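First the structure, in the form of structure tokens, and then the observations on it.
The values are calculated or read from the model by the stated rules, or taken from the named source; none is laboratory data. Note that the structure is predicted; figures quoted are calculated from it, not measured. Here the Cβ positions follow ideal geometry from the backbone for every residue, glycine too, while neighbour counts run over all protein chains shown.
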Amino acid sequence: MRELSLNILDIAQNSISAGASLTEILVKENTAEKTLLIGIYDNGKGMSEEQVKNVQDPFFTTRTTRKVGMGIPLFKLAAEQTGGSFKITSELGVGTRVDALFKTDSIDFTPLGDIAATVSTIVSMNEDKDFVYTRSVDEKDFVFKSADIKKILDGVPLSEPSVINWIEDYIRENTEQLFD
Ligand SMILES: Nc1ncnc2c1ncn2[C@@H]1O[C@H](COP(=O)(O)OP(=O)(O)OP(=O)(O)O)[C@@H](O)[C@H]1O
Ligand SMILES: [Mg+2]
């Protein structure tokens with residue numbers, strides 16, 4: 001079983017490949033309902049209705065090489081296996097919204113994994129793009145905006161190891177506070 005943060009990495013990578021200048025990642029936990037919603041929203045090139053249908057089918061790929069695109073089918077499966085749901089909403093030239101709802105009390109629920117490391121990796125490897133990461137637990141939330149960090153860093157590259165580590169620690173510490 002893989003960790004959900006790896007699925008998030010895959011799906012956010014799709015957004016970057018689709019030319020998104022802004023990608024939003026939402027991880028929203030409801031402890032009473034025992035649900036976890038993961039949303040990845042972008043302003044990339046979008047998909048047609050037919051594409052949206054096809055990319056959810058694990059045996060379909062637009063690639064001419066042998067590699068079959070599995071990012072979306074695996075994420076969909078991970079959500080549905082828990083008794084949750086999965087939805088893609090997309091519009092050509094506008095963007096794409098991927099929503100996966102997980103039932104956290106299912107025995108098939110995979111842990112989130114190291115989301116702080118995942119987000120800091122995505123942000124630092126795509127300096128020219130903007131990311132908003134929102135983590136919420138019941139009524140509390142924490143919002144991380146890469147644009148704010150870039151302003152503070154004032155030209156220091158996001159790919160500097162010390163910056164990557166700082167972002168990771170910052171996200172981790174703020175996430176811990178959501179559980180206090
Ligand atoms: N956010 C998005 N915006 C536009 N097109 C998308 C988006 N996400 C996925 N797609 C389209 O759906 C296809 C399938 O995505 P999927 O992640 O399942 O596989 P992949 O990216 O092709 O391969 P991989 O297994 O490496 O992820 C992509 O190749 C792309 O054409
Ligand atoms: Mg992919």
Is it the case that region 67-88 has a residue that's over 24 Å from F179 (Cβ atoms), at pLDDT 95 or above, within 10 Å of ligand 1 (Cβ to nearest atom) and assigned to a loop (DSSP other than H, G, I, E, B)?
-> no
Failed criterion for V137 (all others in (1) under 20 Å from L22 (Cα atoms); (2) surrounded by 15 or more Cβ atoms within 10 Å (Cβ to Cβ) hold) | (1)
Name the single residue, out of those in region 140-155 being β-branched (V, I, T) and surrounded by 12 or more Cβ atoms within 10 Å (Cβ to Cβ), that is farthest from I8 (Cα to Cα).
-> I149
Index of the failed condition, D57 passing every other in (1) at pLDDT 95 or above; (2) within 15 Å of ligand 2 (Cβ to nearest atom); (3) among the acidic types (D, E) | (1)
At pLDDT 95 or above, closer than 24 Å to V55 by Cβ, within 16 Å of ligand 2 (Cβ to nearest atom) and in a helix (DSSP H, G or I): does that describe I122?
-> yes
Of the conditions (1) without any contact (Cβ under 8 Å) to a residue 40 or more places away in the chain; (2) in contact with a Phe, Trp or Tyr (Cβ under 8 Å, 6 or more places away or on another chain); (3) under 24 Å from A18 (Cα atoms), the single one that N174 does not satisfy is (3)
Residue by residue through region 6-35, note down the ones that are more than 15 Å from ligand 1 (Cβ to nearest atom) and touching a helix residue (DSSP H, G or I) at 6+ places or on another chain (Cβ under 8 Å).
-> V27
Among what's in region 1-49 and is within 16 Å of ligand 2 (Cβ to nearest atom) and in a loop (DSSP other than H, G, I, E, B), pick the residue that is nearest to L74 (Cα to Cα).
-> R2
Being in contact with a strand residue (DSSP E or B) (Cβ under 8 Å, 6 or more places away or on another chain) and part of a helix (DSSP H, G or I) narrows it down to one of A147, A100, so name that one.
-> A147
